[in-house]
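See below for the structure under consideration.
Just so it is clear, none of the values below were taken in a lab; they were calculated from the coordinates. All figures in this text were calculated on a predicted structure; none of them were measured in a lab. So basically every Cβ, Gly included, is an ideal-geometry build from the backbone, and we count neighbours across all protein chains shown.
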Amino acid sequence: MSHVAEKEKTSSEQTAAGSGEVQADAPPAKAATPEEQVQLLSAERDSLMQKWLLAVADLENYRRRVQKEFEQERRFAALPLARDLLPALDNLHRALEAARNGGDVKQLVQGVQMVARQFDDILGRHSVVPIAAAGQPFDPNLHQAIQQLPAPDKPPMTVLNECERGYKMHDRVIRPSSVIVSAPTSEKEKG
């Protein structure tokens, strides 16, 4: 029983039904000695310290568990993509096997085109989309110019040809498109 509860019990025993008079048969109130108060406070402190230590241990265990779950999640984040890519890879291996066995070239080309479409679909399901390049104005955020060619019929810095397709995921560029852009025409060429 805490020190406050003892005081309330003693106080309620001393008052008679709200009259404020001390009961005649009630024992006199005994004040706790300083040593008893120290013991009570020490016991309360020890109890609170034990609760605090348990709370700290629980928090540390929670942190470890969350860290482990985070590491597992990060380690296997690509698992859905890998599962989706495996059938396309299997189809590509089948196309290679057909080419080794001397299959029809038209059928081989058709098979490889189907695999390419399958890869595009898989990437699209994972929010990886190609960057539009051919015929677009050159954008250094999306395109990487590898060459400039004169093209009098095109405005300067227009993408003429895409050498390597670029991709982005949501708003982030994964890889810029490698492109050939039209060069600005000089005044001598115009005249």
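About its Cα centre, what dipole magnitude does segment 130-190 give when the only charges are +1 on Lys and Arg Cβ and -1 on Asp and Glu Cβ, stated in debye to the nearest 20?
120
Relative contact order of segment 119-191, please, whole-number percent, based on alpha carbon pairs below 8 angstrom and at least 6 residues apart.
Once divided by the residue count of segment 119-191, the mean separation gives 36 percent.
Taking neighbour counts of Cβ atoms within 10 Å as a proxy for exposure, in what order, fewest first, do Val129, Val159 appear?
Val129, Val159
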